1. How many of the residues making up region 1-38 are free of Cβ contacts under 8 Å to residues at least 60 places away in the same chain and acidic (Asp, Glu)?
2. Quick one: in region 315-341, of everything that is in contact (Cβ under 8 Å) with a residue 12 or more places away in the chain and loosely packed, with under 15 Cβ neighbours inside 10 Å, which residue is nearest to Phe132 (Cα to Cα)?
3. Between a residue in region 217-228 that is more than 17 Å from Trp165 (Cβ to Cβ) and part of a strand (DSSP E or B) and any residue that is of a type outside the set (Phe, Trp, Tyr) and at pLDDT below 95, which pairs come within a Cβ distance under 8 Å, given they are 6 or more apart or on different chains?
4. Within region 289-302, does at least one residue satisfy the condition of being on the phi < 0 side of the Ramachandran plot, touching a Lys or Arg at 6+ places or on another chain (Cβ under 9 Å) and among the polar types (S, T, N, Q)?
5. How many of the residues in region 15-35 are among the β-branched types (Val, Ile, Thr), farther than 17 Å from Glu115 by Cα and in a strand (DSSP E or B)?
6. Based on what the data block shows, is Thr274 free of Cβ contacts under 8 Å to residues at least 40 places away in the same chain, surrounded by 13 or more Cβ atoms within 10 Å (Cβ to Cβ) and away from the ligand (no atom under 16 Å from the Cβ)?
7. Taking His97 as meeting all but one of (1) touching a residue at least 60 places away in the same chain (Cβ under 8 Å); (2) farther than 20 Å from Val222 by Cβ, write down the number of the exception.
8. Which numbered condition trips up Pro149, out of (1) closer than 27 Å to Val263 by Cβ; (2) touching a strand residue (DSSP E or B) at 6+ places or on another chain (Cβ under 8 Å); (3) free of Cβ contacts under 8 Å to residues at least 60 places away in the same chain?
Amino acid sequence: MVGTHHAAILPQKGGPLSVGERATPEPGPNEVLIKVKAVALNPVDYHQRDFGMPPVPIYPAVIGSDTSGVVAKVGSKVSTAPALGSQVIAFASSFYHNGSPDHGAFQKYALAQSEGVIALPDALSFEEGAVFPLAVMTALTAWTSIGIPLNTKYTPQDKQAVLIWGGASSVGTFAIQSAKSLGFTVYATASSKHYIYLKKLGAHGVFDYKASDVVSQIIDMVKKNGVNLHTAHCVVNGSLQPVLDVLKQTKGDAVAKVTHSPVLPPDHPTLDKTEIKFNFPSMDPVIRDKHMYECFHIWLQDNLKSGSVVPSPSIQIKRGGLEGLNIALDKLRAGVSGTKIVVPI
Ligand SMILES: NC(=O)c1ccc[n+]([C@@H]2O[C@H](COP(=O)([O-])OP(=O)(O)OC[C@H]3O[C@@H](n4cnc5c(N)ncnc54)[C@H](OP(=O)(O)O)[C@@H]3O)[C@@H](O)[C@H]2O)c1
């Protein structure tokens with residue numbers, strides 16, 4: 001495609017984003033060019049804008065990961081992505097493309113690899129579709145990083161439970177939805193105002209992380225329900241210690257497995273017979289592409305079709321398009337509660 005388009009460009013570390021023109025790229029053989037209609041925001045976006053972390057290898061950069069839009073062009077070897085003109089959900093992230101600004105979400109046209117592009121269901125708006133990519137991939141990678149395949153189907157007789165600390169976060173809501181689909185009994189922590197919502201998503205028990213006795217509340221519930229709790233996902237910062245305090249009392253002789261979505265500090269707490277893994281996809285591109293395909297083309301697509309996964313958490317639309325992204329990112333940085341900020345483009 002010959003031409004140019006508008007992009008929210010990150011000119012240097014520290015930002016701010018500034019709207020400018022970029023050459024519209026041609027998709028590579030395995031890529032899809034997306035005409036972006038909506039983007040969703042993630043904490044990594046303001047970390048990259050404000051601190052250059054995770055590292056931004058190329059400036060001027062285009063950041064962002066979560067898009068929905070319309071297929072504008074399809075690469076020569078793509079066999080699995082929806083056809084030209086289809087409405088899609090697309091994971092468009094320069095992070096997995098050595099910082100290539102053609103692949104960042106915050107622009108009118110972005111490249112995405114075909115493994116991360118699936119049809120947007122008719123029932124969903126572009127704004128709803130944009131909430132899935134990074135949060136779903138993170139929630140699903142959490143399972144595989146601790147050896148739980150995405151086709152796992154525990155039955156109630158297996159009595160397998162999981163603890164998700166940070167259930168009302170964007171990643172947390174998909175951790176709950178996916179845990180339910182794998183057959184876990186799901187316990188989550190959140191502010192009490194989110195209890196009903198998180199139970200609707202699939203949590204069996206929700207606990208207020210601000211309560212001084214939250215750890216003993218969870219342990220009591222596990223004992224009462226007679227389930228095995230030796231698996232956990234620490235979704236938010238500061239959650240590892242209370243999660244280990246719970247597991248110490250519930251894991252029995254099992255080796256406990258904990259996946260940790262925020263970066264793990266080197267001096268993090270530990271527990272005997274407990275594996276603690278930073279939640280991150282393989283950096284081997286072949287393994288990662290296969291995993292991405294399983295996340296989007298199998299797990300997400302199937303669960304969207306059956307209606308067993310829904311957009312979450314509640315969406316807050318911020319107007320202003322590309323020009324409005326700095327303010328929207330500032331809002332996310334100031335803190336959200338049970339909300340995903342989405343910007344129509
Ligand atoms: N490893 C990766 O590849 C990867 C990818 C994506 C994200 N992440 C990381 O995952 C984390 C979550 O990201 P996100 O986008 O899901 O965040 P988010 O939606 O912005 O998280 C906000 C939520 O965090 C909850 N929260 C804050 N402190 C809490 C605590 N102590 N206990 C329980 N809940 C707490 C709040 O719950 P209430 O409203 O109930 O108070 C709020 O709803 C971030 O650290 C992010 O950087 C990692």
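1. 2
2. Ile317
3. Matching pairs, first to second residue: Asn228/Gly252; Asn228/Ala254.
4. Taking every residue of region 289-302 in turn, none turns out to be on the phi < 0 side of the Ramachandran plot, touching a Lys or Arg at 6+ places or on another chain (Cβ under 9 Å) and among the polar types (S, T, N, Q).
5. Here is the first cut: in region 15-35, the residues among the β-branched types (Val, Ile, Thr) are 19, 24, 32, 34.
Among the residues that remain, those that are also farther than 17 Å from Glu115 by Cα are: 19, 24.
Right, trim to in a strand (DSSP E or B) and you get 19.
Of the residues in that region, 1 qualify.
6. Yes.
7. (1)
8. For Pro149, the exception is condition (2).
The values are calculated or read from the model by the stated rules, or taken from the named source; none is laboratory data. No experiment lies behind these values; they were computed from the predicted model shown. All Cβ positions, even for glycine, are placed from backbone atoms using ideal geometry, and neighbour counts span all protein chains on display.
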